[in-house]
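Visitor: Let me begin by handing over the structure; questions about it come next.
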Amino acid sequence: MQVRLHVQRSDPVTGETRLQLFELELPREATLLDCLEQIKDEVDGTLAFRRSCREGICGSCAVRIDGRTALACRTPVAELVAEGHAPTIAPIGNLPVVRDLVVEMEPMWQKMRAVEPFLRPGPDCGLDGRETPIPSARLDAVRKESLCINCGACVSECDAMTVSPEFLGPHALVKAWRLVGDPRDDAVAPRLKGLSGEHGIWECTRCYLCNERCPKGVDPRDAIAKLGAEAIAARIDRDRGARHAKWFVTSARTTGWLRESELVVRTLGLAFSFAKIPLALRLFRRGKAPLPLPRHRARDLAPARELRHIVAGQDRRGALGIVQGERALERIDFICSPEQPVGEDEP
Amino acid sequence: MYGPEDVESSHDVLVIGAGCAGMRAAIEAHDAGADVALVSKLHPTRSHSGAARGGINAALGNAGEDSPERHAADTVKGSDYLGDQDAIELFCAEAPGDIYQLERWGALFDRDDEGRLAQRAFGGAGAPRTVHAADVSGHVLLQVLYEQLLAREIRVYEEYFAWRLVVGATGCDGVLAWDLARGGVRALAAKAVILATGGSGRVYCGSTNAHACTGDGMAMALRAGLPLEDLEFVQFHPTTLVPSGLLVTEAVRGEGGLLLNAKGERFMRRYAPEAMELASRDVVARAEQTEIDEGRDVNGSLLLDMRHFGREKMIERFHGTRDLALTYAGIDPLEQPIPVRPGAHYHMGGVATDVDGRSEIENVFAAGEVACVSLHGANRLGGNSLMETIVFGRRAGRAAAEQALKRSGSAGLAPSARVDGERELARLLERHQGERPSRIRDELGASMHENFGVFREEGGMRRQLELLENLRERYRHVLVDDRGEIFNSDLVQALELGYQLDLAVCMVSAGLERRESRGAHSRPKDFPARDDENFLKHSLVRWSNDWLDLSWKPVTITKWQPQRRTY
């Protein structure tokens, strides 16, 4: 199989960046990592990239392929080069480039360390010198998150981190949930307080790219949502982000629709909202936001109330209430179809 | 980006390698009061321990009656009576306590209906004793150990390639390392050094091992004058995907997957009529190799057929395996059988140590796959290697800390050591003509597979030694393309190849002298039987001044006299 690739090269000394075209011949089952290996072995030994396990478990070889982050070792190259396409391979985003496809991971590790990523066991853990008995289902809450291989794909894709480099980001927050959600951890409240501050849980913009691109199905955005839900359930909800989220619920419950103009006041508080009046006026004038009065109200409140009723009936508090993305949509279909009993497929 | 880094530093204990054994050792040395640091060519969670799937053995008795004695008896038998029984007994007795500690640290093991740790049956075990976390047991352990490392703020020299032990008159003074990220030679002084660099599977072209498994620690020990024990014993896994060598889980055969030869025959009928595809790993690997050697193969492979599983079972139970076949072989196992062959999986041999990881040099220790305690003897049981990293990592960490704290003064390396190291690397980097390492590496891997694979015989091994001599000669002119300082992985790969070549010579030399068939060392043509009279002993290989010295040491037997090994 003929493979043509553009690889982004960057010189660590001069900082110069360029695209280099490589033309290779590989077996049809080759992966992108096989291509990089062939370049290094036979064409140009100076190409720098990380790799080790070549089976998607060590997390070394995340790169951007035509802008989308993936593990090189898990990417069959045949799909990439279909119809003569020559993909562009670049280092992952939101981390400084060291050389070619190698980035400096330290900023990511720093954020991981910031969430105190180790269990703080309670006093009753392992009292008899043996394991703490835990029902298997209780551990399900953190099973997905335990699959994280620290490859940085979510960090690479995170728009919020691009705009706000201090944001803890999806990777660190996955680790945070891994511990907050662990029934053996005894530091949940202080953890949630710490995570609810500036650059924490609520800085996520919910673009879902981390869920989309995570090679292990960890679904980082779901972990962030679970953290948020647990924080609100524990009344750690003073952050603007938490107030913003809570207002959505209040608004939907009372009038069935979102009342955007009140949202600003509820999120920022009255004093800060004054500063936004000129912006608000411009928005009203251009028809981008409704006027505060009359209140934005759904014609029929019943469906919104019914939905709320279904959720409340399932007794899903905190993180258990988090069902998102495509899986969540499937579940809603499931719940609404009359021939299926409700609640059989608990998370 | 990078802060300035001292080219020299000093610690009580230095652990080389940051997989499960290395991290466990560092944690213990720290808790024993030593100033400890890790040196690793990869970030710790990139280590190959993370690829271990099945689980970790300890006689907890949660899923059925079990005891450390039964665990020990199974391990002794599994080792084909070459394991040292004092080490095995100690290992089995201490394993349960280590499991509970891992659980308290936060390891996410699977639970049974009562919320206790679930245990499953594994090959060669008389009771269900393998604790597991789905099929990502090693991954889960690696993460939890890294978490504990962070909790203790233990220093890690990340992406430092340790390539030389500096040994002086009073023992080892530390190591020289190449700083991959920034470039340059670093001198890391220590009062005690623990090798925990893992296995050497990359000596073979078909291997389940990661690219990083190049036997660095074994070769470093060898060059420092230490003996390597039982190097001839390499475990081959019967179902590795061709050509990548990736592991296809045994569960495929457990659920009814069939092994077929070129004629479409279920050949296991002729080798293990009762157990068929579910016979033990070494039996299936040998059957496959026989089929290949006698020409009933398909381009060097046998076929693993799971088409009869049907779409539903395939997607529900073997989504991962199907994904593996689609991604790495371009084959949908729903439509076609997948090509497999035996592949190098685990090295039973390694740096000779006692039960505290201590080597012949008083302050050099080793733990995990790099070491040979000897726990596995001639054949390892599944689930024992992860447990080995924890039990012996812990013991080595404790002993190294005590050793280091006993030594007075601060650790130091003679400045000449670093200068010598720099000069040596400069010579390599200044070379402008020669052969690229990849060609030598590929020939090494293919020839080891051919001549020192599942089966060995005198002629093949002698041929291999000649070939290795030729490869080592070519390696003297190896060419590093990359002359840069920053992230020069080309240089590291060339150094790794040098290690692999040395190791291969030791492995084949030991194999040649072991004139019997025992465990993973199988010589059906010239010495088909086990020979307890002459070879119930460990091989020891040393290397000094280009001279290879082979000697033997007795096996420690406490309770279990050698018997015929049948299952």
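The values are calculated or read from the model by the stated rules, or taken from the named source; none is laboratory data. Quick caveat: nothing in here was measured; it's all calculated off a predicted structure. Glycine also receives a Cβ, built like all others from the backbone with ideal geometry; neighbour counts cover every protein chain displayed.
Visitor: I'm trying to understand the selection: among the residues of region A:116-154, which are within 7 Å of chain B (Cβ to nearest Cβ) and touching a Pro at 6+ places or on another chain (Cβ under 7 Å)?
Guide: Result: A:134, single match.
Visitor: Let me ask you something else. If you check residue A:74 against the conditions, is it assigned by TED's automatic domain parsing to the domain that holds residue A:6 and either surrounded by fewer than 18 Cβ atoms within 10 Å (Cβ to Cβ) or not β-branched (Val, Ile, Thr) (or both)?
Guide: When the stated conditions are applied, residue A:74 passes them.
Visitor: Are any of the residues in region A:143-164 modelled with pLDDT of 95 or more, over 13 Å from residue A:117 (Cα atoms), in contact with a Gly (Cβ under 8 Å, 6 or more places away or on another chain) and of a type in the set (D, E, K, R)?
Guide: Yes, some residue in region A:143-164 is modelled with pLDDT of 95 or more, over 13 Å from residue A:117 (Cα atoms), in contact with a Gly (Cβ under 8 Å, 6 or more places away or on another chain) and of a type in the set (D, E, K, R).
Visitor: If a residue must be more than 14 Å from chain A (Cβ to nearest Cβ) and free of Cβ contacts under 8 Å to residues at least 40 places away in the same chain, how many such residues does region B:298-346 contain?
Guide: Qualifying residue count for the region: 9.
Visitor: Kindly evaluate residue B:107 against the criterion of being within 20 Å of residue B:59 (Cβ to Cβ) and at pLDDT 95 or above. Lay out the reasoning, then the answer.
Guide: On the way: within 20 Å of residue B:59 (Cβ to Cβ): yes; at pLDDT 95 or above: yes.
Here the answer is yes, as residue B:107 does meet what is asked.
Visitor: I'm told residue A:50 meets every condition in (1) out of contact with any helix residue (DSSP H, G or I) (no Cβ under 7 Å at 6 or more places or on another chain); (2) within 7 Å of chain B (Cβ to nearest Cβ); (3) not acidic (Asp, Glu) except one. Can you identify the failing condition by its number?
Guide: Answer for residue A:50: the failing condition is (2).
Visitor: Okay, next question. Exactly one of (1) buried (at least 24 other Cβ atoms within 10 Å of the Cβ); (2) within 10 Å of chain B (Cβ to nearest Cβ); (3) under 16 Å from the mean Cα position of the chain (by Cα) is unmet by residue A:157. Its number?
Guide: In the conditions (1) buried (at least 24 other Cβ atoms within 10 Å of the Cβ); (2) within 10 Å of chain B (Cβ to nearest Cβ); (3) under 16 Å from the mean Cα position of the chain (by Cα), residue A:157 misses (2) alone.
Visitor: Checking residue B:123 against (1) more than 8 Å from every other protein chain (Cβ to nearest Cβ); (2) in contact with a strand residue (DSSP E or B) (Cβ under 7 Å, 6 or more places away or on another chain); (3) surrounded by fewer than 24 Cβ atoms within 10 Å (Cβ to Cβ): exactly one of these is not met. Which one?
Guide: Every listed condition holds for residue B:123 apart from (2).
Visitor: Determine the pairs where a residue that is surrounded by fewer than 24 Cβ atoms within 10 Å (Cβ to Cβ), located within region B:372-384, has a partner that is in a loop (DSSP other than H, G, I, E, B) and among the β-branched types (Val, Ile, Thr) with Cβ atoms under 7 Å apart, the partner being 6 or more residues away or on another chain.
Guide: none
Visitor: Would you pick out the residues in region B:274-285 that are in a helix (DSSP H, G or I) and either of a type in the set (A, V, I, L, M, F, W, C) or at pLDDT 95 or above (or both)?
Guide: B:276, B:278, B:283, B:284, B:285
Visitor: Which one of B:407, B:463 is at negative phi, surrounded by 14 or more Cβ atoms within 10 Å (Cβ to Cβ) and without any contact (Cβ under 8 Å) to a residue 40 or more places away in the chain?
Guide: B:463
Visitor: Residues of region B:20-53 being away from chain A (no Cβ under 14 Å), of a type in the set (Gly, Ala, Ser) and either at negative phi or in contact with a Lys or Arg (Cβ under 9 Å, 6 or more places away or on another chain) (or both), which ones?
Guide: B:21, B:22, B:25, B:26, B:29, B:32, B:34, B:37 - these are the residues of region B:20-53 that are away from chain A (no Cβ under 14 Å), of a type in the set (Gly, Ala, Ser) and either at negative phi or in contact with a Lys or Arg (Cβ under 9 Å, 6 or more places away or on another chain) (or both).
Visitor: Right, residue B:483: surrounded by fewer than 19 Cβ atoms within 10 Å (Cβ to Cβ) and either among the charged types (D, E, K, R) or in a loop (DSSP other than H, G, I, E, B) (or both) or not?
Guide: Criteria met by residue B:483.
Visitor: What's the number of the condition residue B:436 fails, among (1) farther than 30 Å from residue B:30 by Cα; (2) without any contact (Cβ under 8 Å) to a residue 24 or more places away in the chain; (3) not aliphatic (A, V, I, L, M)?
Guide: Only one criterion in (1) farther than 30 Å from residue B:30 by Cα; (2) without any contact (Cβ under 8 Å) to a residue 24 or more places away in the chain; (3) not aliphatic (A, V, I, L, M) is unmet by residue B:436, namely (2).
Visitor: Hey, another quick one. Take the residues of region B:454-493 that are among the aliphatic types (A, V, I, L, M) and within 18 Å of residue A:102 (Cβ to Cβ): which is farthest from the chain's Cα centre (by Cα)?
Guide: By that ranking, first place goes to B:486.
Visitor: Please report, ordered by residue number, the helices (runs of 4 or more DSSP H) entirely within region A:207-276 with at least 3 residues that are in contact (Cβ under 8 Å) with a residue 24 or more places away in the chain.
Guide: In region A:207-276, the matching helices (runs of 4 or more DSSP H) lie at A:209-213, A:220-233, A:240-255, A:260-268.
Okay, residues lined up against (1) in a loop (DSSP other than H, G, I, E, B); (2) out of contact with any helix residue (DSSP H, G or I) (no Cβ under 8 Å at 6 or more places or on another chain); (3) surrounded by fewer than 21 Cβ atoms within 10 Å (Cβ to Cβ); (4) within 10 Å of chain A (Cβ to nearest Cβ):
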{"position": "B:59", "(1), (2), (3), (4)": "yes, no, no, no"}
{"position": "B:71", "(1), (2), (3), (4)": "no, no, no, no"}
{"position": "B:74", "(1), (2), (3), (4)": "no, yes, no, no"}
{"position": "B:82", "(1), (2), (3), (4)": "yes, yes, no, no"}
{"position": "B:91", "(1), (2), (3), (4)": "no, no, no, no"}
{"position": "B:95", "(1), (2), (3), (4)": "no, no, no, no"}
{"position": "B:115", "(1), (2), (3), (4)": "yes, no, yes, yes"}
{"position": "B:144", "(1), (2), (3), (4)": "no, no, no, yes"}
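Visitor: Quick test of your reading of the structure: residue B:481 fulfils all but one of (1) at the interface with another protein chain (Cβ under 8 Å from one of its Cβ atoms); (2) closer than 15 Å to residue B:41 by Cβ; (3) out of contact with any Leu (no Cβ under 7 Å at 6 or more places or on another chain). Name the failing condition by number.
Guide: (2)
Visitor: Still on this structure, please answer the following. Return a yes/no flag: does region A:91-99 have any residue that is surrounded by fewer than 21 Cβ atoms within 10 Å (Cβ to Cβ), within 7 Å of chain B (Cβ to nearest Cβ) and in contact with a helix residue (DSSP H, G or I) (Cβ under 8 Å, 6 or more places away or on another chain).
Guide: Yes, region A:91-99 contains a residue that is surrounded by fewer than 21 Cβ atoms within 10 Å (Cβ to Cβ), within 7 Å of chain B (Cβ to nearest Cβ) and in contact with a helix residue (DSSP H, G or I) (Cβ under 8 Å, 6 or more places away or on another chain).
Visitor: While we're looking at this one, here's another question. Out of all the residues in region A:1-15, which are buried (at least 16 other Cβ atoms within 10 Å of the Cβ) and part of a strand (DSSP E or B)?
Guide: Step one: of region A:1-15, the residues buried (at least 16 other Cβ atoms within 10 Å of the Cβ) are A:3, A:5-10, A:12.
Result: A:3, A:5, A:6, A:7, A:8, A:9, A:10.
Visitor: Give me a count of the residues in region B:218-273 that are under 30 Å from residue A:31 (Cβ atoms), away from chain A (no Cβ under 14 Å), in a loop (DSSP other than H, G, I, E, B) and modelled with pLDDT under 95.
Guide: So the count comes out to 4.
Visitor: What residue, of B:177, B:133, is facing chain A (nearest Cβ under 9 Å), in contact with a Phe, Trp or Tyr (Cβ under 6 Å, 6 or more places away or on another chain) and not in a helix (DSSP H, G or I)?
Guide: Result of the check over B:177, B:133: B:133.
Visitor: Could you please let me know if residue B:65 is of a type in the set (D, E, K, R) and assigned to a helix (DSSP H, G or I)?
Guide: no
Visitor: Collect the residues in region B:422-460 that are under 17 Å from residue B:205 (Cα atoms) and of a type in the set (A, V, I, L, M, F, W, C), keeping them in residue-number order.
Guide: B:440, B:444, B:446, B:448, B:452, B:454, B:455
Visitor: So residue B:460 fits all but one of (1) within 14 Å of chain A (Cβ to nearest Cβ); (2) out of contact with any Ser or Thr (no Cβ under 6 Å at 6 or more places or on another chain); (3) assigned to a helix (DSSP H, G or I); what number is the exception?
Guide: Among (1) within 14 Å of chain A (Cβ to nearest Cβ); (2) out of contact with any Ser or Thr (no Cβ under 6 Å at 6 or more places or on another chain); (3) assigned to a helix (DSSP H, G or I), the lone unmet condition for residue B:460 is (1).
Visitor: Could you tell me which numbered condition residue B:325 fails, if it satisfies all but one of (1) among the hydrophobic types (A, V, I, L, M, F, W, C); (2) closer than 30 Å to residue B:87 by Cα; (3) assigned to a helix (DSSP H, G or I)?
Guide: All conditions pass for residue B:325, except number (2).
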